[in-house]
Amino acid sequence: MKEVYFQFQGNENEQFSTIIKRTALAVLCNIAEGYSSGSPIVFQSFLFEAEGCCHEIRNFLDKARTRKYLSEEGIEKVGRTCGAMMAGIRQTLQRIDECKQ
């Protein structure tokens, strides 16, 4: 999620930039808080929240593209970062489900 901070640093629309950076931080905080709980069920819940935040960031990227807040290259970098994060979250969720069985 460092990519989000990097791409939106110094963006001319401060409000938009702040919202998307806070959402990126929420991804990391949800993962950390869920993991530190020590409970697979609680962790799973926080991972769903983190995944939702990734979807929010992708939605923000569409708005950034429309409003030309970022270059296409910047949007693609952030999009790839979100995609990789979501893939990791899904793999972890799958492992948790497998452990429950």
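The values are calculated or read from the model by the stated rules, or taken from the named source; none is laboratory data. On a predicted model such as this, the values are computed, not experimentally measured, just so you know. Glycine also receives a Cβ, built like all others from the backbone with ideal geometry; neighbour counts cover every protein chain displayed. In case anyone asks, the SASA skips ligands and DNA or RNA and just uses the protein heavy atoms, side chains included. Shrake-Rupley method; radii C 1.70, N 1.55, O 1.52, S 1.80 Å.
For region 17-50, which residues satisfy the criterion of being closer than 19 Å to GLN91 by Cβ and open to solvent by less than 30 Å² (accessible area, probe 1.4 Å)? Matches in region 17-50: VAL27, ASN30, GLY34, GLN44, LEU47, ALA50.
Condition first: in a helix (DSSP H, G or I) and over 22 Å from THR18 (Cβ atoms). Now tell me which residues in region 34-50 satisfy that. Once the filter is applied, which keeps residues that are in a helix (DSSP H, G or I) and over 22 Å from THR18 (Cβ atoms), region 34-50 yields GLY34, TYR35, SER36, PRO40, ILE41, VAL42, PHE43, GLN44, SER45, PHE46, LEU47, PHE48. Set side by side, the residues ILE89, ILE19 differ, and just one is modelled with pLDDT of 95 or more, assigned to a helix (DSSP H, G or I), at negative phi and under 15 Å from the mean Cα position of the chain (by Cα), which is ILE89.
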